[in-house]
Amino acid sequence: MRSKRFAARARRELALEPLVSPLPELGLVAANGPNDPEPELALDGERVVRMDGRDAEEFDVIDRFVVAHGLDLGIAEEAMALEDVEIARRLVDIDVPRAELVRLSRGLTPAKLARVVGLLEPVELMLALAKLRARRAPANQAHVTNLAESPALLAADAAEAARRGFAEMETTVGVARYAPLNALALLIGSQAGRPGVMTQCAVEEKRNLELAIRGLVTYAETLSVYGTEPVFVDGDDTPWSKAFLGAAYASRGVKVRFTSGTGSEALMGHAQGYSMLYLEARCLAVVRAAGSQGVQNGSISVVALVLSLPGGVRAILGENVLAAWLDLEVASGNDAIASHSEIRKTAKLMGQFLPGTDFVTSGYSVMPRRDNTFGGGNYDADDLDEWLTIQRDWQVDAGIEPVAEDEILRVRERAARAAQAVFAELGLPPISDEEVAAATTGYDSNDMPPRDRAADVEAADELLARGVSGLDVALALDRRGFADVAAAVLGMQRQRVAADYLQTAAVIDEHGLVRSAVNDPNDYAGPGTGYRLDGARWELLQSLPQVVAPDALVDEEDAAEPLVRERGEAGVGDDPSEVVVAVGPAFGKTLRRTIAGLDHGEVLHAVCEGIREGGAVPRLVRIRRVADVAFIGHDGARLSGSGVAVGVQSKGTAVIHRADLEPLDNLELFGMAPLYTLESYRAMGRNAAGYALGRRVGPVPTELDNFARAKLIVRTTLLHARETKAVVAEAPPVELELPASVASAQ
């Protein structure tokens, strides 16, 4: 035998993902692994002779690099002497300032760092992250790619991303030789959307650096580091070579951050039996020792492996906290697909979304997932409204702004036109008007007219051979009438010369001002401090395009003739076959339709017809003293000759009541008003007649819509408020009748 419920759950999205038990010898343990070394640091004067379970003679390349460049031995003795739990408490103690925690981190070994972070509960990790973030306000980064490598679509998507508030954006290529054209389209589109957005093209590091020197990109994050020596060897790299490359970028005014992430070493078969969080602590120690201002971490493309393990999401949040504690800018993952389960994806996101990181995602796909050549986005263009709504729900700034559709269409077209102009000016394969139109309004690259891809690749090679630079792009834009976009592109070239954006956690605002951990540091020190989402920014983030004024959800209707007429005070009936139909105080007056859109006159007619079909006699009454359907129905029953009544609220909720029952008891309750049809109300009338005449009655068949409350709770509230407003305290009930014209129309 099998439970059908278990079988149904086995077919849900989560069942596509294996959940495995830990296997420490392969590195399949998220944190606090049994083989992780005891934190240890032994000094002989100014020389480290032992660290984290290894003597100096046993140090691998990572140990040697961290000892040489990543430890402040003047702090180490003090920091390492502190108990793990004492440091953990300081991380969440709002009276211990960030600067003091950063100071202590410089004297801690990787094993000590991992052990301390491993003590923190999820909520404590989020508090620590909010406190340790480098820059005061969070931001976000976008992915901008497409399968067709369409320059018009790249430019349009980049412009939309910029207009939505993304501070950085990254593209990549399916074919490496496309890189110059993709970088060019991204530069043009980003500056058409908002001046000051930084861009990069994720390709091989030599080509990436060449694009940066040309001023076609402004940052890079392709410098991967690892937590074990064999993985470095596999990549033909060392910490020293990575540090040299980082310095090469910085020397040319290019912002750079390294990339690491829990699980990489296990995936590559060289975890050496250590936990993922401990190895990430080693990575981050290397990043800081190399002098980088920041890191992209949060498991990144290995996220599904980490999520297969117990505590995996907690370990990912732990690595983000570690990076912030080490005073690094944090671009906190959330870019690669983490799960098939929407619930699980969102649960993982909240660890970074709520406390805020320097970049909440290291790439939000502003395109539909199909076009994300980074391997698919965890969140994409189809999720934008949900992301914006969650920001509004929590009053949290996660770096994306709501923008009206007409404005998005405007910036997309302008960016595509600007790219068209530059391609023409630089003698590149032309962008047609059809491409511009499709890039403006299309869904994905399937909507784009085909291009000659061979010609594009040849043109990209030729572009590099000609030495085209960002200045050439600005001049081309200016000559073609895009002076504002030209000025923005030129502004990015000036920024590269000034190089202020090399500061930790730097972003550039729309006025060209660099905001970073240097001039806009995180000053969170408990409630009422730090970055608070309020004022104009909060007004902007809560004003989503789909938001409407509450009154707009309730229709106002003016009619020459009332739906019902009042005929004086209602008395107690004496006909044992009588069934009262009792309606609320606003029924047919200030309110004239149910929440399902049914006309009140038609509803009354249907109930009365059902009563007649059941052999009883209907009488219409308005209850004015109360708006609750239970009391409306009970008051009606006390007036009914049979002692049975149907109570109906204006929004359509109904009840069949009997006079000898308590008000909150009843014969049948019909709470799912959005689902009721006129036939439903006719069935209520028939059943009420059956109860009145003493027949056996089967309940009216019920339907359920478990999402009805989510869809209609606001309208329900507003309709009931209108009903309540019509209440007249202690007012007697009144007799009603349907006007002849209304009744005959039925």
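Structure notes:
- Evaluation of ASN706 against the conditions (1) in a loop (DSSP other than H, G, I, E, B); (2) under 25 Å from GLU737 (Cα atoms); (3) polar (S, T, N, Q) shows that the sole unmet condition is (2).
- Members of region 469-485 that are part of a helix (DSSP H, G or I) and either farther than 20 Å from PHE166 by Cα or in contact with a strand residue (DSSP E or B) (Cβ under 8 Å, 6 or more places away or on another chain) (or both): GLY470, LEU471, ASP472, VAL473, ALA474, LEU475, ALA476, LEU477, ASP478, ARG479, ALA483
- Restricted to region 258-329, the set of helices (runs of 4 or more DSSP H) holding at least 1 residues that are within 17 Å of LEU119 (Cβ to Cβ) comprises 276-289, 312-325.
- Condition met for GLY269 (in the same structural domain as ASN522 (by TED's automatic domain parsing), out of contact with any Phe, Trp or Tyr (no Cβ under 6 Å at 6 or more places or on another chain) and surrounded by 22 or more Cβ atoms within 10 Å (Cβ to Cβ)): no
- Count of region 626-664 residues, restricted to those that are out of contact with any Lys or Arg (no Cβ under 9 Å at 6 or more places or on another chain), surrounded by fewer than 20 Cβ atoms within 10 Å (Cβ to Cβ) and either acidic (Asp, Glu) or over 25 Å from ILE713 (Cβ atoms) (or both), is 4.
- Within region 572-583, being in contact with a helix residue (DSSP H, G or I) (Cβ under 7 Å, 6 or more places away or on another chain) and in a loop (DSSP other than H, G, I, E, B) holds for VAL572, GLY573, SER577.
- Residues that are in contact with a Leu (Cβ under 9 Å, 6 or more places away or on another chain), β-branched (Val, Ile, Thr), within 18 Å of GLY312 (Cα to Cα) and modelled with pLDDT under 95 do occur in region 258-276.
- Flag for VAL457 being over 22 Å from MET198 (Cα atoms) and part of a helix (DSSP H, G or I): yes
- Every listed requirement among (1) at pLDDT 95 or above; (2) within 19 Å of the chain's Cα centre (by Cα); (3) in a loop (DSSP other than H, G, I, E, B) is met by PRO450 save one, (2).
- GLY291 assigned by TED's automatic domain parsing to the domain that holds VAL360 and under 23 Å from the mean Cα position of the chain (by Cα): no
- Complete set of residues in region 420-447 that are among the acidic types (Asp, Glu), in a helix (DSSP H, G or I) and under 38 Å from the mean Cα position of the chain (by Cα): ASP433, GLU434, GLU435, ASP447
- Residue check for GLY351: within 16 Å of GLU124 (Cα to Cα) and among the small types (Gly, Ala, Ser): yes
- Test: residue in region 240-250 that is in a strand (DSSP E or B) and either charged (D, E, K, R) or touching a residue at least 12 places away in the same chain (Cβ under 8 Å) (or both): no
- Consider region 183-230 and keep the residues that are outside any loop (DSSP other than H, G, I, E, B), among the β-branched types (Val, Ile, Thr) and at pLDDT 95 or above. The one that is surrounded by the most Cβ atoms within 10 Å (Cβ to Cβ) is ILE188.
- Residues (of a type in the set (D, E, K, R), out of contact with any Asp or Glu (no Cβ under 7 Å at 6 or more places or on another chain) and under 18 Å from ALA289 (Cβ atoms)) located in region 27-68: GLU46, ARG47, ASP63, ARG64
- Residue in region 685-699 that is surrounded by 13 or more Cβ atoms within 10 Å (Cβ to Cβ) and either more than 25 Å from VAL617 (Cα to Cα) or among the aromatic types (Phe, Trp, Tyr) (or both) present: yes
- Residues that are assigned by TED's automatic domain parsing to the domain that holds LEU388, without any contact (Cβ under 8 Å) to a residue 12 or more places away in the chain and either touching a Pro at 6+ places or on another chain (Cβ under 8 Å) or not aliphatic (A, V, I, L, M) (or both) are absent from region 294-302.
- Checklist (1) crowded, with 19+ Cβ neighbours inside 10 Å; (2) over 22 Å from PHE359 (Cα atoms) applied to GLN493, failing item: (1)
- Checking each residue in region 343-386 for being in a helix (DSSP H, G or I) and in contact with a strand residue (DSSP E or B) (Cβ under 9 Å, 6 or more places away or on another chain) picks out GLN352, ARG369, ASP371, ALA381, ASP383, LEU384.
The values are calculated or read from the model by the stated rules, or taken from the named source; none is laboratory data. Keep in mind the model is a prediction, meaning the values are calculated, not measured. Counting neighbours? That spans all protein chains shown, and the Cβs are built from the backbone with ideal geometry, glycine included.
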